[in-house]
Amino acid sequence: MDEQSKVVLRKVHRIFIENLDPNYVMDFLYEIDVFNANICEKLRRIEFRGDRARMFMFLVTSMDTLTMEILYEALRNTGYGFLAEVLRQSSHNSVSVQRKAEYFSRFRKELVVYRHYLKRLSHTGDHATFEEEFFKAEQNWKNIENSGLNNKRYKAADFYFFALDAWCEYRRVIYDKNLMYTDVFDKMENLKPYLSEENLPEMMRLVRYGSAVLMTNKNELNTALDYVNDAKSKFDLIHACRETGTVLYIEYNMLCQKYAQNLEPVLKEQLCNIANKAIEHFAVEIEFDETVYLDFKRMVLLKLSHLLLGIGMFGVYLDVSVSTEDKRKAISFLRLIKETKESWKRMETRWKWSYYTAKARLFGLNNNFPKAIKYTERALCYATKGSYSKEILGSQNALNIYNNLCERKTEFHELEYETTVSCNDNKEDSRMQRHLEQMECEIDYSLRNLEMLENEIKHSKERLLILKEKVKLFRNKRYKDGYQ
């Protein structure tokens, strides 16, 4: 490896040590004849991941046969796309680093910890404690609002804004379609004169409003993405941080809805790139609180696992083929999450639902329907525990799919057995023949009923769409009449 490449690796040394497990990369390097068996065995004997990563970095910088391009491809092909992106950007002296002389708020560390605490409350289903903490921040701001310009007021305003941002996320988690009609966005706007800095709050207000627009009307995806792009225009004025990562994460969720409609491979690749960039932004928070980064990384890896396994929003199965390579990557992500013990212990209720939904899908894709049912039931328990209505519905639908597949598989084996016995019988068994004919008639009858049911569902959907349009027109008319 040349001297310039060694300089680049020194720049990314810390983030590689904190994130890389060489066990997943060295097999790739062995296959392309860069690592030999002795090197692989030497790495495997090292017990702790961090020590393995340090030894790996020492080895790659001392090898003449390993170039930056080979290392980049190895990372991309083993589930470490976000590290590959860090490496690429560092090579071009354009890694996403701090873009401002000052962070938002002089109380940044306290804010990061506080905001993450609120996030975990909403994602563990502890809604009562979340609301209690929110109203405490709101009351604190009201008590101090007119106290004059001082550090205490700046701090109260900054904390209240983050509480408002958390409120938007909380209402999104429980899928409150009326969020955009509430006064939370006006409160965010009115708070701006009292905040430590204006760019980050405006960025978050824009992206949260775009998310609320899409939640209210799923047909407003382009409008919602316009708000995201407006928010991203602030990136040049703000550090790469938890909040910029959140903007990318929200963009990812929106584009996932678009992908569920068109299933375009190009969009899937774009989603993977956005997810890796988000992880890179979240990694900056290691400076303040490593658990914040680890929690967000786990969250994004679970999202990527769903994408790779053909799982849409809220656990809906997409009509897309899942390649062996995508399954392999998803398995590596899930294994990484499970093996990171501290991160696993901290996993919130909502993300446990996500993890077991992915596990169930893996077993389902391998036709192991009993195991798929087992893990779907476990996912449903966590969705119910957190009162996540959309996730509950998604798990219930998956459970129905697997139960039906189990029944069909059993019926198929029974029919296969009966048919085999009948065919091997030298004597004509008229009773069995009649039985088979009866079964054939029953199958035809079931198919006709199914076709009738599909037609009825189609007609019902058309009637509902017409009714929805009438309601929308009536509502708009009432709205206009009210203003007149």
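The values are calculated or read from the model by the stated rules, or taken from the named source; none is laboratory data. Not measured: the values here are computed from a predicted model. Cβ coordinates were reconstructed from backbone atoms using ideal geometry, including for glycine residues, and neighbour counts include every protein chain displayed.
Answer with yes or no whether LEU308 is closer than 20 Å to ASN276 by Cα and buried (at least 22 other Cβ atoms within 10 Å of the Cβ).
yes
Considering only residues of the range 167-182 that are of a type in the set (A, V, I, L, M) and not in a loop (DSSP other than H, G, I, E, B), which is farthest from ARG208 (Cα to Cα)?
For the range 167-182, the residue satisfying everything is VAL173.
For the range 279-293, state whether one or more residues are closer than 18 Å to ASP326 by Cα and either assigned by TED's automatic domain parsing to the domain that holds ALA231 or modelled with pLDDT of 90 or more (or both).
no
Does MET63 fit the bill of being surrounded by 11 or more Cβ atoms within 10 Å (Cβ to Cβ) and either outside any helix (DSSP H, G or I) or in contact with a Lys or Arg (Cβ under 6 Å, 6 or more places away or on another chain) (or both)?
Details: surrounded by 11 or more Cβ atoms within 10 Å (Cβ to Cβ): yes; either outside any helix (DSSP H, G or I) or in contact with a Lys or Arg (Cβ under 6 Å, 6 or more places away or on another chain) (or both): yes.
When the stated conditions are applied, MET63 passes them.
Of the numbered conditions (1) among the hydrophobic types (A, V, I, L, M, F, W, C); (2) without any contact (Cβ under 8 Å) to a residue 24 or more places away in the chain; (3) surrounded by fewer than 18 Cβ atoms within 10 Å (Cβ to Cβ); (4) in a helix (DSSP H, G or I), ILE46 fails exactly one; give the number of that condition.
Evaluating ILE46 over (1) among the hydrophobic types (A, V, I, L, M, F, W, C); (2) without any contact (Cβ under 8 Å) to a residue 24 or more places away in the chain; (3) surrounded by fewer than 18 Cβ atoms within 10 Å (Cβ to Cβ); (4) in a helix (DSSP H, G or I) leaves (4) as the failure.
Which condition number in (1) of a type in the set (Lys, Arg); (2) under 30 Å from ILE401 (Cα atoms); (3) crowded, with 18+ Cβ neighbours inside 10 Å is the one that LYS234 fails?
Looking at each condition in turn, LYS234 falls short on (2).
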